[in-house]
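The values are calculated or read from the model by the stated rules, or taken from the named source; none is laboratory data. Predicted model, so just to flag it, every value in this text is computed and none were measured. Positions of Cβ are generated from backbone atoms using ideal geometry, with glycine treated the same way; all protein chains shown enter the neighbour counts. Just the protein is used for accessible areas: all its heavy atoms, side chains included, with ligands, DNA and RNA removed. Shrake-Rupley method; radii C 1.70, N 1.55, O 1.52, S 1.80 Å.
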Amino acid sequence: MNNVNIEMQNKKSSKGIGYYILELFLIIWAVIQLYPLFWLFLFSVKDNNEIFGGNIIGFPHIWRWSNYAVAFSSGNVGRYFLNSVVVTGLTIAISSILIAASAYAIVRMKWKYSKLILTIFLMGLMVPIHATLLPLFMILQKLGLLNSYAALIIPYVAFAIPMGIFILTGYLNTIPIELEESAFLDGCSIYKSFYYIIIPLIMPALATIAIFTYLSAWNELMFANTFVNDDAIKTLTVGIMSLAGEYQTDWGPIGAGLVIATVPTVIIYIIFSEQVQKSLVVGAVKG
């Protein structure tokens, strides 16, 4: 009996040690992941002398909050930030509507070429973004859309649709069609069925798609740098890059601009982290 008790105590102690080791590992991993953000913040309140004078890692000797003022005033970061919000917001809204409607039509409406159209959409996943740069530039130039919000929104939406349809068609296949059939028997139209029944059920998948779309549109640089030259239309990524001088660069305001560009992503993750995890888990299980 005593041996059994000793063995149980040993198991409890071993589990306790394993738990603390895992907790310590996760703490170290969290510090490693979060430190670059903290370092970027410290970088943004230093001047060139501290950055290149051996104090690139430590706390600044003088906290230069004026770097943020310079980024907003001289660097025009506020305007670039607003442009990124407009482009990203419209991209998410337009792509979500098109993806939801297209996926519903492909999965629920039985028509002859539905599988062919789905295949064509999914082929978009295999198209590298760099291969479309020159054709898109020529098309947008002929349409007179260069240096406009549409020059960025249209390609962003186009590249968001294949992945979105891939996720949403798999998700829709798991929703019982009997729900809609019951609604049709009660006199519900297909539009009301889509709006009142399908949309609430696919919100986790749409949340996942919106997050992926946000990350790709907010951080995109190549299209934004190629299709837009007007300072009034430039997005945040291009605007920050333009802060670098031709002969001399003040890196403090650039760091401040990078912090400003990073803050929305951090806030979105903090607010929607639980929703992100749920949507990814549901998409993995149901997809």
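At a 1.4 Å probe radius, carbon and sulfur cover how many percent of the accessible area of the stretch 17-63? Percent of accessible area from carbon and sulfur atoms in the stretch 17-63: 79.
Taking every DSSP helix (H) stretch of at least 4 residues in the chain, weighting each as -39,500 (n - 2.57) and dividing the sum by the residue count yields a mean residue ellipticity at 222 nm of -24000 deg cm²/dmol. For the chain, modelled as a GNM whose springs connect Cα atoms under 10 angstrom apart, the maximal fluctuation among I99, I117, I153 occurs at I117.
Any idea of the accessible area per residue across the chain, 1.4 Å probe, to the nearest Å²? Spell out each step's value before the answer.
Working: 17480 Å² over 287 residues.
Solvent-accessible surface per residue comes out at 61 Å².
When the C-alpha to C-alpha distance is required to be over 29 Å, the pairs from K192/K234; K110/K142; K142/K234 that qualify are K192/K234; K110/K142.
What are the membrane-span-like helices in the chain by this rule: whole DSSP H runs, Cα extent along the axis at least 24 Å, mean Kyte-Doolittle hydropathy at least 0.5?
On the way: long enough: 2-44 (63 Å, 0.62); 77-108 (45 Å, 1.44); 150-172 (31 Å, 1.98); 251-286 (46 Å, 1.22).
Qualifying helices, which must be both long enough and hydrophobic enough, are 2-44, 77-108, 150-172, 251-286.
For the stretch 65-152, give the percent of accessible area contributed by carbon and sulfur heavy atoms, probe 1.4 Å, rounded to a whole number. Show your work: numbers first, answer last.
Details: 3870 of 5160 Å².
Within the stretch 65-152, the accessible surface is 75 percent carbon and sulfur.
Ranked from largest to smallest solvent-accessible area, with a 1.4 Å probe on the protein heavy atoms, K142, K46 come out as K142, K46. The relative contact order of the chain, computed from alpha carbon pairs under 8 Å that lie at least 6 residues apart in sequence, is 30 percent. Note on the stretch 17-63: Cα Rg divided by 2.2 N^0.38 Å, N the number of residues, gives 1.59. With the highest mean first, a sort of the peptides 22-32, 161-171 on other beta-carbon atoms found within 10 angstrom per residue produces 161-171, 22-32. Anyone know which of S148, S84, S182 comes out most mobile in the 10 Å Cα GNM of the chain? Ranking S148, S84, S182 by mean-square fluctuation puts S182 first. Would you mind telling me which residue in G255, G144, G239 has the biggest mean-square fluctuation in a Gaussian network model of the chain, where springs connect alpha carbons within a distance under 10 angstrom? Highest fluctuation among the options: G144.
Hydrodynamic radius of the chain by the Kirkwood approach over all distinct alpha-carbon pairs: 22.8 Å.
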